[in-house]
1. Looking only at region 50-77, which residues are touching a residue at least 40 places away in the same chain (Cβ under 8 Å), part of a helix (DSSP H, G or I) and among the hydrophobic types (A, V, I, L, M, F, W, C)?
2. If we keep just the residues of region 82-106 that are open to solvent by 20 Å² or more (accessible area, probe 1.4 Å) and in contact with a Phe, Trp or Tyr (Cβ under 7 Å, 6 or more places away or on another chain), which is farthest from E159 (Cα to Cα)?
3. Filter region 133-180 down to the residues that are in a helix (DSSP H, G or I) and touching a Cys at 6+ places or on another chain (Cβ under 9 Å), then identify the one that is most open to solvent (accessible area, probe 1.4 Å).
4. Please verify whether Y212 is of a type outside the set (V, I, T), free of Cβ contacts under 8 Å to residues at least 40 places away in the same chain and either in contact with a Ser or Thr (Cβ under 9 Å, 6 or more places away or on another chain) or within 25 Å of R72 (Cα to Cα) (or both), treating the condition exactly as stated.
5. For region 227-251, enumerate the residues that are open to solvent by 10 Å² or more (accessible area, probe 1.4 Å), assigned to a helix (DSSP H, G or I) and aliphatic (A, V, I, L, M).
6. Output the number of the condition that S245 fails; it satisfies all remaining conditions of (1) modelled with pLDDT under 95; (2) under 21 Å from W169 (Cβ atoms).
7. Go through region 41-64 residue by residue and tally those that are crowded, with 22+ Cβ neighbours inside 10 Å and out of contact with any helix residue (DSSP H, G or I) (no Cβ under 8 Å at 6 or more places or on another chain).
8. Test each condition in (1) in a helix (DSSP H, G or I); (2) surrounded by 15 or more Cβ atoms within 10 Å (Cβ to Cβ); (3) at pLDDT 95 or above for V223 and report the one that comes out false.
Amino acid sequence: MKYLISFIIKRIPRPLLQRFAHFFLKFIKIFYYGHQVECPVCGKWFRRFLPYGRIPRVNVLCPECLSLERHRLIWLYLQQKTNFFQSQLKVLHIAPEHCFLPRFTKMQNLEYITADLESPLAQVKMDIHSIPFAENSFDVVFCNHVMEHVEDDIRAMSEIYRVLKPSGWAIIQSPQNKELKNTYEDPAITKPLDREKHFGQRDHLRMYGKDYGLRLRSAGFKVTEENFVKQLPLEIQQRNALPVSEIIYLCEK
């Protein structure tokens, strides 16, 4: 199964995956029912999660809502560390994830807007380098695993800062190589196979290092790097199959 999923991820365009993956998993999930792991996003229990990734990781993908380990961590963070589920908020969700979108849409306390350049899930077609909303428009912005894809990440971060209201906050996650001190990027690397070799994926333009928080700060944010997963009991980390080294980047205006 892990090699099949890896092949699908590599060969099928992302918009098609976003539109049709959940139909495929409806048939797969019956083989994963059990009581060993729980997805906090959808509340379902399974004997384990599905493998996922170009280099397959085990026990990762929820067959019900398609959450990955990072999504489950963000969900718990929003519940325990923010006012997201209680306050009246205007939210911009860039590149909306399938596991979050239907749940956020139903929340009565949110004015919820989704945007992306290509995703069929998004309401607004948008280039993140030039966000088509006025400054000080949103209380919250989500933008996860996008910055490694864009031509000018600092400009994109600055655009998110611009549209946030004063005292607004964003969660902006990206994959990192913790062994790198500084972000590695080279505009001369343009071939997809070369980008996969250097940056980890064919459509990645950089590999972030330990300076990721500094890059976010350069856009104007006050950045809190929260090792939230370590604040959770080990039993929760294991039951929800959470990423043990993921840092939450809370970016405040």
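1. L73, I74, L76
2. Per the stated criteria, the residue is T105.
3. Looking at the filtered set, the residue picked out is Y161.
4. For Y212, the condition - of a type outside the set (V, I, T), free of Cβ contacts under 8 Å to residues at least 40 places away in the same chain and either in contact with a Ser or Thr (Cβ under 9 Å, 6 or more places away or on another chain) or within 25 Å of R72 (Cα to Cα) (or both) - is met.
5. Residues satisfying the conditions are L234, I236.
6. (2)
7. Looking only at that region, the number is 1.
8. (1)
The values are calculated or read from the model by the stated rules, or taken from the named source; none is laboratory data. Predicted model, so just to flag it, every value in this text is computed and none were measured. Cβ coordinates were reconstructed from backbone atoms using ideal geometry, including for glycine residues, and neighbour counts include every protein chain displayed. The protein model used for the area step is the full one, side chains on, heavy atoms only, and it has no ligands, DNA or RNA in it. Shrake-Rupley method; radii C 1.70, N 1.55, O 1.52, S 1.80 Å.
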